[in-house]
């Protein structure tokens, strides 16, 4: 098992614009959040990350502020207010700023190990399915090679705070292999998948298709 | 008088306490848990047999979970029930004879479990020493948060004889503990695992999956299970839908261990196709997740999750078929 210790790859950062100068697009998930995955100690019963009512300790997450993980900026929602703070995958169709992208980065975790697919929809009408792989959030290792963005010291249970059982928030990435302009990403229908934040990274400007990228950005 | 200071533990995140306790016994016997627990792979669903316990396993050998879990090893086990007059007597006798008792408990009464005074749940631990004078036993539990240490006899007895009343989360509650313990004989030492022995096991597994006459095992059994689960959801049968979470744990755990073993052997023996087959098998373990989690979350309104269960079980069946094709390719190279 993963040893319980305070550990985080998260770095504080200034407020991000919707698109950073480095070509990162921070997705607005506000309208899609449908699950309480993190709780404050005085609202433990609101936690519903898994079937047992376990939840992340909100105090150990970089709640409600911009952060940088593995060089990728994310906007994490406010956690611990007994309000939805993550998107439990239920086939949500998330429109994005049309552009060519290389990667979709997510701060996410799963109720047990998950291998599923995200559907990428492109402006030319094409659709690709790409793998979404997430390790278990409950005291588990990164079996899919994710970065452990946050390893908490405790796990929240409905009636108590449990030491020595860390909750894992993973930084995972999904490739956008098609060299076309992306317009939306559709999550799988899989209640084990929880996405707290997501950011798209534009295709490298030294790669083919720069003209199309500029065109897409108007 | 204490006979052992501690025993080693072994854990992987997909396993249940059945695998983790048997792994502890294997380690104490000088065996490699992954090599033993990961050798067999099967599908078996016995309608009406699923018990709400973390350690439920659909037994090919009736009443013998360890022989059923390890069909390619001469291991045997039997459930015994402790005597009321001297509840520790049988455990003491087993320890004196060099066997580690695996004891059924209700987590609700165990001070080191997160479920203490919260959730009733049927679980297994290893008792590896008894201090009668001190009123304690030494126990080992590899499931997080892992524990290895003393347990007051009074707590053990409460957990060991609990009625384990049914909870709202009824996946592992509602089956009385009844002072049960598993008396295991590993039957070792085991032969070393080489390509020939692995290929023999893989061929036997494949024959089991291909047995079209089997009602409840193999690919035919998986198809029947999937159909029955979707039908149960469509009919609003919450109890059967709920059961998929409990039942699926064993299948998920075994697939994860089998896949890891094949990957490890494939890398060690420089047989890339075997490592890739292992990864295909691991994927089937991961495809169990949405089946189990959809059933668990959906049990309150089963009809609403029927369509998703159909989708996820179809992907699961396809995953098994793909893994078996990959294994067939790998066996040809062993």
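One residue alone among A:140, A:180 is assigned to a loop (DSSP other than H, G, I, E, B) and touching a helix residue (DSSP H, G or I) at 6+ places or on another chain (Cβ under 9 Å), and that residue is A:180. Of B:228, B:175, all but one fail to be touching a helix residue (DSSP H, G or I) at 6+ places or on another chain (Cβ under 8 Å) and either touching a residue at least 40 places away in the same chain (Cβ under 8 Å) or closer than 18 Å to residue B:69 by Cβ (or both); the exception is B:228.
Among the residues of the stretch B:158-174, those identified as crowded, with 23+ Cβ neighbours inside 10 Å and within 14 Å of chain A (Cβ to nearest Cβ) are B:171, B:172, B:173. When A:204, A:145 are checked against the criterion of being surrounded by fewer than 21 Cβ atoms within 10 Å (Cβ to Cβ), at pLDDT 95 or above and either assigned to a loop (DSSP other than H, G, I, E, B) or at positive phi (or both), a single residue qualifies: A:145. State whether the residues of the stretch B:319-326 include one that is touching a helix residue (DSSP H, G or I) at 6+ places or on another chain (Cβ under 7 Å) and within 11 Å of chain A (Cβ to nearest Cβ). Yes: the stretch B:319-326 contains one or more residues that are touching a helix residue (DSSP H, G or I) at 6+ places or on another chain (Cβ under 7 Å) and within 11 Å of chain A (Cβ to nearest Cβ).
Residues of the stretch B:280-318 that are under 21 Å from the mean Cα position of the chain (by Cα), facing chain A (nearest Cβ under 9 Å) and farther than 30 Å from residue B:329 by Cα: B:293, B:294, B:296. Only one entry in A:58, A:40 is more than 13 Å from the chain's Cα centre (by Cα) and buried (at least 22 other Cβ atoms within 10 Å of the Cβ), namely A:58. For residues that are within 14 Å of chain A (Cβ to nearest Cβ), free of Cβ contacts under 8 Å to residues at least 40 places away in the same chain and surrounded by fewer than 19 Cβ atoms within 10 Å (Cβ to Cβ), tally how many sit in the stretch B:79-118. Of the residues in that region, 4 qualify.
The condition (being in contact with a helix residue (DSSP H, G or I) (Cβ under 7 Å, 6 or more places away or on another chain) and under 26 Å from residue B:211 (Cα atoms)) is satisfied by just one residue among B:75, B:67: B:75.
Restricting the stretch A:151-170 to residues that are in contact with a helix residue (DSSP H, G or I) (Cβ under 7 Å, 6 or more places away or on another chain), surrounded by fewer than 19 Cβ atoms within 10 Å (Cβ to Cβ) and assigned to a loop (DSSP other than H, G, I, E, B), the residue that is nearest to the other protein chains (Cβ to nearest Cβ) is A:159.
For the stretch B:143-157, does any single residue satisfy the condition of being modelled with pLDDT of 95 or more, outside any strand (DSSP E or B), at positive phi and more than 14 Å from chain A (Cβ to nearest Cβ)? Checking the stretch B:143-157: not a single residue is modelled with pLDDT of 95 or more, outside any strand (DSSP E or B), at positive phi and more than 14 Å from chain A (Cβ to nearest Cβ).
The residues listed here are B:312, B:286; of these, the one that is closer than 20 Å to residue B:221 by Cβ, crowded, with 24+ Cβ neighbours inside 10 Å and either at pLDDT 95 or above or touching a helix residue (DSSP H, G or I) at 6+ places or on another chain (Cβ under 9 Å) (or both) is B:312.
Is it the case that residue A:191 is touching a helix residue (DSSP H, G or I) at 6+ places or on another chain (Cβ under 9 Å), under 30 Å from residue B:142 (Cα atoms) and in a strand (DSSP E or B)? Judged against the criteria, residue A:191 is a match. Looking at this structure, is residue B:21 under 26 Å from residue B:147 (Cα atoms), crowded, with 18+ Cβ neighbours inside 10 Å and modelled with pLDDT under 95? No, not satisfied. Across the stretch A:139-150, the number of residues qualifying as facing chain B (nearest Cβ under 10 Å) and touching a strand residue (DSSP E or B) at 6+ places or on another chain (Cβ under 7 Å) comes to 2. Being more than 13 Å from chain A (Cβ to nearest Cβ) and at pLDDT below 95 is a description that applies to residue B:131.
Evaluation of residue A:50 against the conditions (1) assigned to a loop (DSSP other than H, G, I, E, B); (2) farther than 23 Å from residue B:297 by Cα; (3) modelled with pLDDT of 95 or more shows that the sole unmet condition is (2).
Looking for something surrounded by fewer than 24 Cβ atoms within 10 Å (Cβ to Cβ), at pLDDT 95 or above and within 14 Å of another protein chain (Cβ to nearest Cβ) - is there at least one such residue anywhere in the stretch B:269-279? Among the residues of the stretch B:269-279, at least one is surrounded by fewer than 24 Cβ atoms within 10 Å (Cβ to Cβ), at pLDDT 95 or above and within 14 Å of another protein chain (Cβ to nearest Cβ), which makes the answer yes. Screening residue A:111 with (1) crowded, with 22+ Cβ neighbours inside 10 Å; (2) farther than 24 Å from residue B:294 by Cβ gives one miss only, at (2).
Yes/no matrix, rows are residues, columns are (1) in contact with a helix residue (DSSP H, G or I) (Cβ under 8 Å, 6 or more places away or on another chain); (2) farther than 19 Å from residue A:137 by Cα; (3) at pLDDT 95 or above:
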site: A:2; (1), (2), (3): no, no, no
site: A:7; (1), (2), (3): no, no, no
site: A:11; (1), (2), (3): no, yes, no
site: A:21; (1), (2), (3): no, yes, no
site: A:56; (1), (2), (3): no, no, yes
site: A:62; (1), (2), (3): no, no, no
site: A:92; (1), (2), (3): no, yes, yes
site: A:107; (1), (2), (3): no, no, yes
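Of the residues contained in the stretch A:64-81, one or more are found to be more than 19 Å from residue A:20 (Cβ to Cβ), touching a residue at least 40 places away in the same chain (Cβ under 8 Å) and surrounded by fewer than 23 Cβ atoms within 10 Å (Cβ to Cβ). Can residue B:248 be described as within 11 Å of chain A (Cβ to nearest Cβ) and either in contact with a strand residue (DSSP E or B) (Cβ under 7 Å, 6 or more places away or on another chain) or over 20 Å from residue A:135 (Cβ atoms) (or both)? Criteria not met by residue B:248.
Within the stretch A:116-127, is even one residue buried (at least 21 other Cβ atoms within 10 Å of the Cβ) and more than 18 Å from residue A:198 (Cα to Cα)? No: zero hits. Of the strands (runs of 3 or more DSSP E) lying entirely inside the stretch A:75-119, the ones with 3 or more residues being at the interface with another protein chain (Cβ under 10 Å from one of its Cβ atoms) are found at A:87-90. Residues that are more than 14 Å from chain A (Cβ to nearest Cβ), surrounded by fewer than 21 Cβ atoms within 10 Å (Cβ to Cβ) and not in a helix (DSSP H, G or I) do occur in the stretch B:229-236.
The values are calculated or read from the model by the stated rules, or taken from the named source; none is laboratory data. On a predicted model such as this, the values are computed, not experimentally measured, just so you know. Cβ sites come from the backbone with ideal geometry, for glycine too, and all protein chains shown count toward neighbours.
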